[in-house]
1. For the stretch 709-717, indicate whether the set of residues that are in a helix (DSSP H, G or I), at pLDDT below 95 and more than 16 Å from the ligand (Cβ to nearest atom) is non-empty.
2. When you scan the stretch 319-374 for helices (runs of 4 or more DSSP H) that lie fully inside it, which ones turn up with 1 or more residues that are at pLDDT below 95 and out of contact with any strand residue (DSSP E or B) (no Cβ under 7 Å at 6 or more places or on another chain)?
3. Could you list, in sequence order, all residues of the stretch 375-400 that are within 30 Å of residue 657 (Cβ to Cβ) and part of a loop (DSSP other than H, G, I, E, B)?
4. Restrict the check to the stretch 490-504 and report whether at least one residue is within 16 Å of the ligand (Cβ to nearest atom), under 24 Å from residue 214 (Cβ atoms) and modelled with pLDDT of 95 or more.
5. From the residues in the stretch 401-437 that are free of Cβ contacts under 8 Å to residues at least 40 places away in the same chain and outside any strand (DSSP E or B), which one is farthest from residue 541 (Cα to Cα)?
6. I'd like the full set of residues that are within 12 Å of the ligand (Cβ to nearest atom) and closer than 20 Å to residue 533 by Cα, limited to the stretch 505-518.
7. So which residues in the stretch 767-777 are away from the ligand (no atom under 11 Å from the Cβ) and buried (at least 22 other Cβ atoms within 10 Å of the Cβ), if there are any at all?
Ligand SMILES: [Fe+2]
C-alpha cells in the first residue's frame, strides 16, 4: 500500500548492504506459494548446517541498539496500541540477560540450542519492508534473547518466506509466543510490513505456526500467539497467556469503538473518515484501485455523453437503452425486453434482487378489499379466491413499513413514494402473477385497486409504483440493514470481544473482510445528505434514516436465519424459487462446516455457556444491532453448541450468500430504470383511465437522475478485484489438521452445490446465478 520512494533522497549510500536491499526490493516478487512452501519446504528442506541462516545482525551485537524498540503491541489488528509495562520485555533485563547469556556461553561453552524460523511476507505489492526485524521466542521454560533476522539484503520481500536460525542457551519448552520487533534500519524511513505468518521448528522437530496476516506499522513490537485455537478456559493454568488474551482485547477495544450514525440504526464503527481507519481493515491496493477506477470510468462515460447535465424527461422508452448500452448484461437486456410482463413482475419476487419480502396470504387484509369479482379472470377456470387462499396459491407483499416516511426533493422538485399492497397468484402453470394492487394502506375512492384488466398504462404504472416501493425496502432494509449494517456489528463485536486465538475469531475473520471500509464508504458517498441516495431516490437522506430505524425495530432473528424465514413467510412450497433452493443448500453447507468447528473446539455445551469471551461477543451483538429487544428473538447469550452453531451459521450466511443474493443483481434488474424506478416525480394516481405513456415518462426520473442511479448500481453490483469466494481461505488462521479438513469438506460441498446450480441454470430462460458459490464473496466488500 505504500510507495517505496527513494528517488527523492539526496543522501550517499552508507553501506553496500543498504544499496543491496533497495536493488533486491526492485526485483519482481517471487511467485511464492505459502501453502506449497509449508508442505514442501518444511523440515526436510531446512539447511541442516545452519549455513547462511544463522543470523545475528552485527550492529545489534551492541545491546544499546535495543533501545530503539518503541513499544509492544499484543497480537491485534490495531495500529497504535501498546501493551502495559508488565507485559513488555524489560529493556534493561533483556539487555542484561542477553549480555549474561553471551558471556556465559563464551566462558563456559554452554551449547546453544537452535530454533529454525521461517517468516512469510505478504504476496502483494508493497507488503515488504526495509525496516529491521528481530524476534524473541517465548516458551514455557523461558525466552530467547532478541535476535535480528537478516539475510544480507534479501529479507522480507513481497511473497518471500525467509529462513533464519535463532539461538537460545536453553530449551525454551513449549513455545507460546513470539515477539516481532520492527525497528529503524539505517537511513530508511518507517516502512509498513505485512507479515503473513511465522513458523518455528524446534531441535526436536516440532513445528509451531504463528498466524499473523496483518500490517505492522511504525516501529514497535508485535506479540503473536502460537496458532492453536484456544478457549479462555484452556489458558486457565497459564497466567502469561491469560494476560495476553486479556491485553489483546483491551488494545482492540481502544482501537475499535461504537458510534451512532443516526438514531435508531444499528451502531457502527467510530471513525470520522476512511483515512482514519486501521490499515488492517482497509481495502488492499488492488481492490481500492479497481473500485476507484470503475467509479471514475462510469462517471466519465456518462459525462462524455452529456447525460449528467440533462434535466429533461426521457422522450421515449427506447432512449433509456442509450445510457447503459456500454455496460449491458444479458440479464439487463432481458429485463428491458420483459419488464412489462406480469409473469416477470412476479418472478422478481422469487429470484430478483429482493427475494425476501413475499409471503403466503391466507386471508385478505382488511385494508385491501380485493373481491372475487375483481380477480375472477386472473384465477384458474372454475376456481375462486377463497379456494386459492385455502390451497396456498395466493401471496402478498405489503410495504406498510414505508407509511409515514418523509419524501425527498431533488433539484427543487418534490418526489413521491407509495405504500402499496400487492396480491399475487401462483397459476397452475406455476407462474407467479400479480392480480391486484392498491397504492396506499387506506382503501377508498382515492385509492382504487388496480387490476390486470385495467388499461395498459394504468396497470403498468401501478406496477411501477410497487417496484419503486420495493426499491426502497430492498436498498434500505434487505440490503443495507440486514446485510451491511448488521455485518458491521458482527465485525466490530468480533474485533472487540474475541482474541486472535479464539476459534470463533479464526472462523469469522475471513467473513468480515473489508466490511468496515465499504460501510464507511457507503455512509460518506451513498447515504449521507447529498450522497447518491439523496440525489436520486424518493426517500433521500431524510427518508432513509426512519426506514432503517423502523427496519431495525422490526428485525427478527428468524428473518436472518433462512430456514426459519422461509417457514415464517410460508413460502416453502412455492415453485421456481431458486433463491430459496440455492440458499437452503448453502445454509446447510455452512452449518455443517460450523458444526464441525464448534464440536472440535467446544466439545460440550458447558464450555459454550462458560466461555466469557463468547458470551460478551453475543451480548454485544444483541445490544448494538437488536437494541436489547427481546421480541427480536435474537439471543443475548448462548447455552449450547447447537445454539452457537446456528448463530455462527447465520453470521456467515448473512455476510456471504445473503449479501450476494440482494447485492449482485442490482444492476441486472435496476439498469432498466422503468423496472425499478428509484424515484417518482408525480404522486400516485387516484383514478383509473387517465394514464398515458407520457405520464409514465414524466413520473420516472429524468435523464441526469437516471444516470446517477445507474452509475451507482454499476459500481455496487460488481466485486472490485481481490476477490475471495465463499470457502476460500488463503490466510490460514486455523493451524490444526482437523479444521483444515473441515474447510476442505466445506469446499467439496460448495463445489457440488455449484454443479447442481449450473445444471439447473442450463434449462432456464433466465439463469439464477447470484447464489452460485464461486460467485459469492466470503464477506461484504461491495
Ligand atoms: Fe452491498
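1. Initial filter on the stretch 709-717 (in a helix (DSSP H, G or I)): 709-717.
Add one more test, that the residue is at pLDDT below 95, and what stays is 709-717.
Now narrow it down to the ones that are more than 16 Å from the ligand (Cβ to nearest atom): 710.
Checked the stretch 709-717: at least one residue is in a helix (DSSP H, G or I), at pLDDT below 95 and more than 16 Å from the ligand (Cβ to nearest atom).
2. Details: elements: 321-324, 330-338, 342-351.
Where helices (runs of 4 or more DSSP H) fall fully within the stretch 319-374 and carry at least 1 residues being at pLDDT below 95 and out of contact with any strand residue (DSSP E or B) (no Cβ under 7 Å at 6 or more places or on another chain), they are 321-324, 330-338.
3. Start the filter on the stretch 375-400 by keeping residues that are within 30 Å of residue 657 (Cβ to Cβ), which leaves 392-400.
Once the filter is applied, which keeps residues that are within 30 Å of residue 657 (Cβ to Cβ) and part of a loop (DSSP other than H, G, I, E, B), the stretch 375-400 yields 392, 393, 399.
4. Here is the first cut: in the stretch 490-504, the ones within 16 Å of the ligand (Cβ to nearest atom) are 490-491.
So of that shortlist, the ones also under 24 Å from residue 214 (Cβ atoms) come out as 490-491.
Next, from what is left, pick out any that are modelled with pLDDT of 95 or more: 490-491.
Within the stretch 490-504, one or more residues are within 16 Å of the ligand (Cβ to nearest atom), under 24 Å from residue 214 (Cβ atoms) and modelled with pLDDT of 95 or more.
5. Looking at residues that are free of Cβ contacts under 8 Å to residues at least 40 places away in the same chain and outside any strand (DSSP E or B), I get 429.
6. So in the stretch 505-518, the residues within 12 Å of the ligand (Cβ to nearest atom) come out as 514-515, 518.
515, 518 - these are the residues of the stretch 505-518 that are within 12 Å of the ligand (Cβ to nearest atom) and closer than 20 Å to residue 533 by Cα.
7. Step one: filter the stretch 767-777 for residues away from the ligand (no atom under 11 Å from the Cβ), giving 767-776.
Within the stretch 767-777, 768, 770, 771, 772, 773, 776 qualify.
Conditions (1) within 24 Å of the chain's Cα centre (by Cα); (2) surrounded by 17 or more Cβ atoms within 10 Å (Cβ to Cβ); (3) not assigned by TED's automatic domain parsing to the domain that holds residue 507; (4) not in a helix (DSSP H, G or I), marked per residue:
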{"residue": "233", "(1), (2), (3), (4)": "no, no, yes, no"}
{"residue": "242", "(1), (2), (3), (4)": "no, no, yes, no"}
{"residue": "248", "(1), (2), (3), (4)": "yes, yes, yes, no"}
{"residue": "251", "(1), (2), (3), (4)": "yes, yes, yes, no"}
{"residue": "254", "(1), (2), (3), (4)": "yes, no, yes, no"}
{"residue": "264", "(1), (2), (3), (4)": "yes, no, yes, yes"}
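The values are calculated or read from the model by the stated rules, or taken from the named source; none is laboratory data. Owing to the predicted nature of the structure, the values given are computational and were not obtained by experimental measurement. As a convention, Cβ positions derive from the backbone with ideal geometry for all residues, glycine included, and neighbour counts pool all protein chains shown.
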